[in-house]
Amino acid sequence: MAPTDASPDRSARRDQAVRAAVDQALVGPARPVAGLLDVTGIRASAAALHAAFDAVVAPGTEVLHSFAVKATPLVPVLRLLHDAGIGAEVASPGELALARAAGVPPARTVLDSPAKTAAELREALALGIAVNADNPQELARLDALVASAPTRSPVGLRVNPQIGAGSIGALSTATATSKFGVALRDEGAREWVVRAFLDRPWLTRLHTHSGSQGVPLELMAEGVRTTYELAEEINRSAGRRQIDTLDIGGGLPVNFASDEESPGHAAYAQLLAETVPGLFDGRYGLVTEFGRSLLAKHGLILARVEYAKRSGGRPIAVTHAGVQVATRTVYAPASWPLRIAAYDAQGRPRTGPAVAQDVAGPACFAGDLLAENRPLPPLEAGDHVAALDTGAYNFAQHYSYNSLTRPGVYGFTADPVDGVRFATVRAPQTVAEIVTEAGGDRRGALLDL
């Protein structure tokens with residue numbers, strides 16, 4: 001049975017960590033918002049991912065599980081995942097720098113992006129990082145670079161199977177007009193892809209990624225099946241095993257309605273085994289690029305309630321967590337709802353009859369709400385709220401509205417006997433740092449023009 005992180009254990013660790021964060025003033029009047037990451041939960045998810053694919057691949061199959069750095073671009077997190085056997089999928093020079101700072105070796109790093117510069121490609125090839133080309137022009141750029149200098153980098157091509165969209169269009173990357181990859185159903189495209197491989201013996205991988213949140217597993221599996229069949233066609237045409245590795249992307253959606261981790265990596269791996277049985281028979285190496293599904297359940301944003309008020313008869317808890325840490329939720333609440341847990345001033349779970357109330361953020365616009373008309377125990381000034389399932393993307397997407405500071409992020413372990421231990425992952429941003437970022441040391445620059 002695959003290792004898993006039991007929900008009761010996770011919720012108990014969460015409550016214990018919230019109490020300790022309040023006791024140790026990680027959150028309080030001076031620091032009214034912070035991010036917490038459950039190290040035990042992250043390790044459990046990494047182990048479950050390994051176990052899920054180990055259960056279906058042929059013995060000896062080379063499998064690289066890489067973490068989509070964009071999901072949680074924090075060096076200590078990448079280091080923790082590296083220690084758990086997870087590499088890095090990067091999509092910019094900044095993400096590559098973070099992965100390297102975390103100690104992720106080039107051989108366990110994959111570069112994906114629809115807009116790689118020549119300099120990015122040159123650096124990746126020099127380091128031996130795997131590269132997935134996005135389009136014919138990029139492939140032509142790689143032709144020149146590969147010809148000019150030998151490289152250890154595996155090189156692949158991203159294809160778009162054009163299989164359709166999930167429920168969130170912005171995260172569906174296999175639509176007819178997606179900006180990603182070579183669109184396989186466009187006239188002449190499939191033939192061009194086959195010829196591109198036959199003309200380039202060094203092109204040895206195919207890459208696909210059909211989307212993430214809102215995309216059903218069956219659609220994801222169909223995208224992988226389409227890409228696998230293309231690989232088979234290319235290898236038949238080449239008369240040899242030219243394509244030796246399939247990068248099947250990531251994108252496993254996350255359940256934001258409860259503590260349950262569903263769908264799990266094991267369910268997805270089993271569906272792939274049923275849909276594309278040849279994928280796991282040992283003829284192809286595999287690369288995965290999961291992000292949200294590894295981290296989301298293991299993070300929370302803890303915020304102090306500054307004021308409790310009423311408007312139009314509805315209670316409103318005004319907190320310090322809003323659009324700056326939950327941008328997607330605030331602007332698209334139907335697609336990105338967050339669970340809210342209520343705690344008292346000492347960080348203990350709030351009890352009592354649920355009352356419909358708003359949980360508002362600090363930004364100066366009316367829509368800055370973490371939750372609207374949400375049944376919760378009555379919140380009072382000095383209490384705390386926790387936005388759950390925020391371990392992925394929420395610590396990546398700080399939105400500098402109103403020049404609000406980035407919160408500190410802390411990893412924790414929690415044990416009923418040994419208590420809670422915290423480690424600073426990212427220190428809280430200071431107001432002085434905001435001034436510097438805003439050109440504070442160049443205040444007269446425009447006067448000199």
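Observations, loosely collected:
- Subset of region 391-414 [polar (S, T, N, Q), under 19 Å from the mean Cα position of the chain (by Cα) and under 22 Å from Gln24 (Cβ atoms)]: Asn394
- Complete set of residues in region 236-269 that are part of a helix (DSSP H, G or I) and either among the acidic types (Asp, Glu) or farther than 17 Å from His50 by Cα (or both): Arg236, Ser237, Ala238
- Consider region 347-390 and keep the residues that are β-branched (Val, Ile, Thr), assigned to a strand (DSSP E or B) and surrounded by 22 or more Cβ atoms within 10 Å (Cβ to Cβ). The one that is nearest to the chain's Cα centre (by Cα) is Val385.
- When Arg185, Arg190, Arg195, Arg122 are checked against the criterion of being in the same structural domain as Val215 (by TED's automatic domain parsing), modelled with pLDDT under 90 and among the charged types (D, E, K, R), a single residue qualifies: Arg185.
- Residue identified as buried (at least 24 other Cβ atoms within 10 Å of the Cβ) and under 30 Å from Gln346 (Cβ atoms) among Leu49, Leu36, Leu74: Leu36
- Summed over region 318-346, residues that are assigned to a loop (DSSP other than H, G, I, E, B), modelled with pLDDT of 95 or more and surrounded by fewer than 21 Cβ atoms within 10 Å (Cβ to Cβ) total 4.
- Taking every residue in region 212-237 that is within 15 Å of Pro253 (Cβ to Cβ) and pairing it with any residue that is basic (Lys, Arg), at least 6 positions away or on another chain, the pairs with Cβ-Cβ distances below 7 Å are Ser212/Arg292; Gln213/Arg292.
- Residue selection: Arg225 satisfies the criterion of being modelled with pLDDT under 95, within 30 Å of Arg152 (Cα to Cα) and surrounded by fewer than 21 Cβ atoms within 10 Å (Cβ to Cβ).
- Residue, farthest from Arg350 (Cα to Cα), within region 1-28, restricted to residues that are at pLDDT below 95 and in a loop (DSSP other than H, G, I, E, B): Met1
- In this structure, Phe53 qualifies as assigned by TED's automatic domain parsing to the domain that holds Glu261, under 14 Å from Phe290 (Cα atoms), in a helix (DSSP H, G or I) and of a type in the set (Phe, Trp, Tyr).
- Gly312 being in contact with a Gly (Cβ under 7 Å, 6 or more places away or on another chain), surrounded by fewer than 17 Cβ atoms within 10 Å (Cβ to Cβ), among the small types (Gly, Ala, Ser) and at positive phi: no
Yes/no per residue for (1) closer than 19 Å to Phe180 by Cβ; (2) hydrophobic (A, V, I, L, M, F, W, C); (3) at pLDDT 90 or above:
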position	(1), (2), (3)
Gly214	yes, no, no
Met220	yes, yes, no
Glu232	no, no, yes
Asn235	no, no, yes
Gly239	no, no, yes
Asp244	no, no, yes
Gly249	yes, no, yes
Leu252	yes, yes, no
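The values are calculated or read from the model by the stated rules, or taken from the named source; none is laboratory data. Because the structure is predicted, anything quoted here is derived from the model rather than measured. Positions of Cβ are generated from backbone atoms using ideal geometry, with glycine treated the same way; all protein chains shown enter the neighbour counts.
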